[in-house]
Amino acid sequence: MPLARGAAGYSDRAGARLMRHVPAEVYARPPTSLEFFAMLNWIDGRPLLETIEPYRQRIFADVLDGKDAEGRPLYNMALCGRAKKNWKTADLILSSLYKFLAVPSPAGNDCFILANDEAQAADDLSLAKKLIRANPLLDAELVIQAKEIIRRDGCGALRILPSRDAVGQHGKTFAFVGFDEIHGYRTHDLFEALAQDPTRHDALTWITSYNSLRNAPGVPLADFLAAGKRGDDPRMFFSWYAGDYTTDPTVPEDATPEQRANPSLASWGDDGYLAQQKRRLPTHRYRRLHLNMPGAPDGAAFNADNVISAIVAGRKRLDPEEGRAYRAFVDMSGGSLDDAALGVSHYDPESQRTILDSVMSQAGGTPFNPRDAVRKFVSELGRYGLSKVTGDAYAGQTFRRDFEDAGIVYEVSRRTKAEIYDEFEPRLNAGEIELLDMPKLTEQLLTLVIRGNKIDHQPGDHDDWANAACGACVLAGRYQQTLTFHVPTTGPSLSAIIAQTGGGVGLPSAAAPGGWPAGSQGAAASGPFANLNWTGK
């Protein structure tokens, strides 16, 4: 294989043997990735290049062949995410073989592939072995051992290891390191252990994965995804295919989530595969594996299928409607790490469901000025005709006064966050909740766990959106229970009871946008509740 260039081309014997199979104009330079793959067969004997769809060819060409103005590799990191069965691992192995064999490096061609566990490492090594044995050109130059593949000329080794064995490689220099599925990584420790040598401009880190369970700062995949979406790292290549998002401009706007997350769908030869998997798998697992979207962790507090079933697809917000009784819950934040979030909900007597109408956070991310969030929330409350919001006692009187200065009564919740979640869960399980289709809300609900005897988020995660939404739904649900009256049979009218008690009897202080209808509290028997009887319930 080509390793060191001489004046008239590659001087090593392995390189000379390889280069007899390529055009003369290629002989004086390393082959491009696609030229290299054109020399090889897939494991079933088909020409390899014929099995690589155009979108994958573009990824290989961009990452492996792109050069800057000085001739250095354009990218030193690639994050490639798509759903299961879309050639992610195959592309990782092919890329490692290209860097291992086809690109000369004065510092050597040592390469690493890190798998999640022993079983996955064995699968990755097995695929590499099959590729080598299917190609005499590769087989002649390589020696396959238990956990590594060695070049016969001694210029490098390709080691395929479970991630737990990689810490011992700390400080090693390499031409390529590949990470096969990092969705379970909680820290950056492995990336620090295998950080690139800054003196090697040819080093490449290639990461392939489907989506993470946890999307919080400090979680590697979440951090890399955020960086990719920001687009502010010029040496990071970002390719992502998911049910709700893709970086590929060639994917049609009207593509289904399955089509968007599975760019190799046409190569499977089985049009019914995804429909079959959707029937057989729990919804949260199907989302993770086949839509490349967040699923749910072990010990999840809420049933993922019930959460997904409660989401009304495509519904981002419901506009206010006259006559509906809305309730609002706010989860405030100091603005440093957590979002501030507001939820608005109502109970629909016709469907007998509690419906989430709006959930939002402050404008922009963290850090932020919490008083700007208060102003935004006050505006949203006004749209729904609300003059009161419920929230916890965070920051003492600070935010209560901010809301009250804007004309909104801030009522401290009588329930703790854990009690709100406990009250929300049975209604969710009974199908009595309709949720908005908001990815951050979905993710937070799916990743809540039981810690001790309470429902809470995992360390490093957030639940501000979940708390605001669940709080609003619980308030609206309790409100409908409070206002469950019976048609008159016997007993005094409700208006008479209200008149006698001065508006007491444990009723909420605001029944509809703007509060109780005028004259209802302390009204005479001719008031708006004159036709309802108090049952004493």
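General observations
- Residue that is nearest to L131 (Cα to Cα), among those in the range 26-53 that are at pLDDT below 95 and aliphatic (A, V, I, L, M): V26
- Exactly one residue out of Y421, Y384 is within 23 Å of R288 (Cβ to Cβ) and aromatic (F, W, Y): that is Y421.
- Looking only at the range 255-276, residues that are of a type outside the set (A, V, I, L, M, F, W, C), out of contact with any helix residue (DSSP H, G or I) (no Cβ under 7 Å at 6 or more places or on another chain) and assigned to a helix (DSSP H, G or I) come to 4 in all.
- Test set (1) under 24 Å from A393 (Cα atoms); (2) modelled with pLDDT under 95 - L342 fails condition number: (2)
- Every listed requirement among (1) over 29 Å from T199 (Cβ atoms); (2) surrounded by 14 or more Cβ atoms within 10 Å (Cβ to Cβ); (3) not hydrophobic (A, V, I, L, M, F, W, C) is met by P73 save one, (1).
- Selection count, the range 234-246, where residues are surrounded by 15 or more Cβ atoms within 10 Å (Cβ to Cβ) and either more than 12 Å from N292 (Cβ to Cβ) or not assigned by TED's automatic domain parsing to the domain that holds D271 (or both): 3
- For V307, the conditions (1) modelled with pLDDT of 95 or more; (2) over 24 Å from E411 (Cα atoms) all hold with the exception of (1).
- Selection within the range 46-83 - of a type in the set (D, E, K, R) and farther than 26 Å from N211 by Cβ: R46, E50, D65, K67, D68, E70, R72
- Residue pairs whose Cβ atoms lie under 6 Å apart, separated by 6 or more positions or on different chains, with the first residue in the range 309-329 and within 16 Å of K440 (Cα to Cα) and the second among the β-branched types (V, I, T), are A310/I433.
- Every listed requirement among (1) in a loop (DSSP other than H, G, I, E, B); (2) surrounded by 16 or more Cβ atoms within 10 Å (Cβ to Cβ); (3) touching a residue at least 40 places away in the same chain (Cβ under 8 Å) is met by W206 save one, (1).
- Residue in the range 212-227 that is of a type in the set (A, V, I, L, M), crowded, with 21+ Cβ neighbours inside 10 Å and modelled with pLDDT of 95 or more present: no
- Among the residues making up the range 334-393, those that are within 24 Å of the chain's Cα centre (by Cα) and loosely packed, with under 15 Cβ neighbours inside 10 Å are S336, L337, A363, G364, G365, P367.
- Among the residues of the range 469-478, those that are farther than 13 Å from E419 by Cβ, crowded, with 24+ Cβ neighbours inside 10 Å and in contact with a helix residue (DSSP H, G or I) (Cβ under 9 Å, 6 or more places away or on another chain) comprise A469, C473.
- No other residue among R317, R279 is part of a helix (DSSP H, G or I), among the basic types (K, R) and either closer than 30 Å to W240 by Cα or out of contact with any His (no Cβ under 9 Å at 6 or more places or on another chain) (or both) apart from R279.
- Of everything in the range 60-70 that is in contact with a Phe, Trp or Tyr (Cβ under 7 Å, 6 or more places away or on another chain) and not in a loop (DSSP other than H, G, I, E, B), the residue that is surrounded by the most Cβ atoms within 10 Å (Cβ to Cβ) is L64.
- Among residues of the range 134-165, those that are in a helix (DSSP H, G or I), without any contact (Cβ under 8 Å) to a residue 60 or more places away in the chain and farther than 28 Å from G184 by Cα, counted: 2
The values are calculated or read from the model by the stated rules, or taken from the named source; none is laboratory data. Everything numeric here is computed off the predicted structure, so don't read it as measured data. A quick note on method: Cβ atoms are made from the backbone with ideal geometry, for glycine too, and the neighbour counts reach across all protein chains shown.
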